[in-house]
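What follows is a single structure, written as structure tokens, with notes after it.
The values are calculated or read from the model by the stated rules, or taken from the named source; none is laboratory data. Not measured: the values here are computed from a predicted model. Methodologically, a virtual Cβ is constructed for each residue, glycine included, from the backbone with ideal geometry; neighbour enumeration extends over all protein chains shown.
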């Protein structure tokens with residue numbers, strides 16, 4: 001991962017923690033893919049995808065989480081959930097950044113559903 005990608009994930013994790021979420025794991029990976037951040041929001045398990053795009057000519061950060069990427073995230077989340085003794089309520093969030101500035105983080109809760 002690039003230095004900018006690492007910084008973007010760190011910024012997003014700190015942003016979410018300031019909003020009361022508890023960070024459980026970074027960069028969970030399995031054969032299906034990788035989830036950037038896994039967090040706890042009350043009783044809900046949050047799978048967060050962090051996207052940094054400095055240019056918008058291909059649709060920006062949000063457009064990069066297409067159906068193929070969503071399917072990989074869902075399969076990876078299912079793999080993670082299989083390691084737990086019970087399945088909690090879950091959601092998929094997106095943290096979109098066009099610059100490495102915590103004041104510019106766009107947080108989309110329930111960005112897509114499984």
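The set of residues in region 73-113 being over 18 Å from residue 15 (Cβ atoms) and surrounded by 14 or more Cβ atoms within 10 Å (Cβ to Cβ) consists of 73, 74, 75, 76, 77, 78, 79, 80, 81, 90, 112. Could you tell me which numbered condition residue 35 fails, if it satisfies all but one of (1) modelled with pLDDT of 95 or more; (2) in a loop (DSSP other than H, G, I, E, B); (3) surrounded by 13 or more Cβ atoms within 10 Å (Cβ to Cβ)? Every listed condition holds for residue 35 apart from (2).
Residues checked against (1) closer than 17 Å to residue 17 by Cα; (2) at pLDDT 95 or above:
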position: 28; (1), (2): no, yes
position: 43; (1), (2): yes, yes
position: 47; (1), (2): yes, yes
position: 56; (1), (2): no, no
position: 82; (1), (2): no, yes
position: 112; (1), (2): no, no
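If residue 3 passes every condition in (1) loosely packed, with under 13 Cβ neighbours inside 10 Å; (2) modelled with pLDDT of 95 or more but one, which one does it miss? Just one mismatch for residue 3, condition (2).
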